[in-house]
Amino acid sequence: MASMDIFNSNAFRAVELTAALNKTPHLPTFLGSQNLFTPKPVRTESIAIEQKNNTLAVIQTSNRGAPLDTRSAEKRDIRDFRTVRIAKQDTIHAHEIQSIRQFGSETEMMQVQVEVATRLAALRRDVDLTHERMRLGAVQGIVLDADGSTIKNWFTEWGITQPAEIDFELDVATTNVRAKCAQVIRAMMRAAQGAWVEGVTQIHALAGDDFFDALIGHDAVKETYLNQAAASELREDRTFQTVRFGGITWHNYRGTDDNSTVAITATQCKFYPVGAPDVFQVALSPGETFDFVNTPGQEVYALLVQDRDRNAWVQPEVYSYPLHICTRPLMLQRAKMA
């Protein structure tokens, strides 16, 4: 029978478990793979965000020697926001590892480590899914919790009105889809406030299933691809794939299999910038144990809690303390299919 004393080994300490967990391959997620969010590790539970209402003004001509116009002072607004906690646990009971190996065996130690790592990896996948849901919320300006409640609405936080949904009229054969794309691009560029880098920043779109199918099946889009090498792309199955049209990169976003937990509504599309410095950020607070107090935050932490009374179980636990931030929510345009 395996000895529960092995959990007093350094291999199961919080620092070692966290280091090992952070080496676990990241669950493939689309927005995570784009590296949109600039990590901002902090040493506290809250962060301060400063908003500066920079303005550009045309200068009135004046006579030589006349008094100069004075530039208006920038209005600054500094507010504190708290990161949130994501946490989940599992339980390994003594009877689950009782037949591993005899007491004192290194093989026993290795097999218990494998079991703990397996449980932690499963918990990590749930954390990764939660992060993707939060990223998906942030690129729409509203970060939601698992129960559908709002964690942060960056439109209301900055005191601005969410841009109206654009009707792409993809059910009308004569719609000028390229003009609709230009409407999106102009709106996003004008709302960038210095975050648009010419030649670097691009516009991407997360399209629901019906929207994406209607887009690539629209006459205006198909005609653009005619007599081009890329025309074969539209002849192939493009399910959950990417196409380029009208200066926008369109993705048929694949969320969870239930198409609701993490998903884009079938008839809708969400536009966001890629390569726009610091438009998307994620603050990371440190773990809540003495092992990590006052240290820069990490993406995920791992702990192993023991049953001190009966020594009958151990609980692998994972924690994360993020806040997914959008600093330019006016850039986040949205559209409906019809």
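The values are calculated or read from the model by the stated rules, or taken from the named source; none is laboratory data. Every value quoted in this text rests on a predicted model; they were computed, and no experiment measured them. When we count neighbours, we look across all protein chains shown, and the Cβ atoms used for this are built from the backbone with ideal geometry, even at glycine. Note: areas computed on protein heavy atoms with side chains; ligands, DNA, RNA excluded. Shrake-Rupley method; radii C 1.70, N 1.55, O 1.52, S 1.80 Å.
Here are the numbers for the structure shown:
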read-out	value
Lone unmet requirement of (1) of a type outside the set (Val, Ile, Thr); (2) more than 15 Å from GLY137 (Cβ to Cβ); (3) open to solvent by less than 10 Å² (accessible area, probe 1.4 Å); (4) at pLDDT 95 or above for ALA338	(3)
Residue check for ALA182: of a type in the set (Gly, Ala, Ser) and more than 22 Å from THR249 (Cβ to Cβ)	no
All helices (runs of 4 or more DSSP H) inside the range 118-225 with 2 or more residues being open to solvent by 10 Å² or more (accessible area, probe 1.4 Å) and free of Cβ contacts under 8 Å to residues at least 60 places away in the same chain	177-191, 209-216, 219-225
Close pairs (6 angstrom Cβ cut-off, 6 or more residues apart or separate chains): more than 11 Å from ASP213 (Cβ to Cβ) and aromatic (Phe, Trp, Tyr) in the range 236-259, open to solvent by 20 Å² or more (accessible area, probe 1.4 Å) and outside any strand (DSSP E or B) anywhere	PHE240/ARG254
Criterion (closer than 18 Å to TYR272 by Cα and not basic (Lys, Arg)) met by exactly one of GLU165, GLU169	GLU165
Residues of the range 30-71 satisfying the condition of being closer than 26 Å to PHE81 by Cβ, part of a loop (DSSP other than H, G, I, E, B) and modelled with pLDDT under 80	ASN53, ASN54, THR55
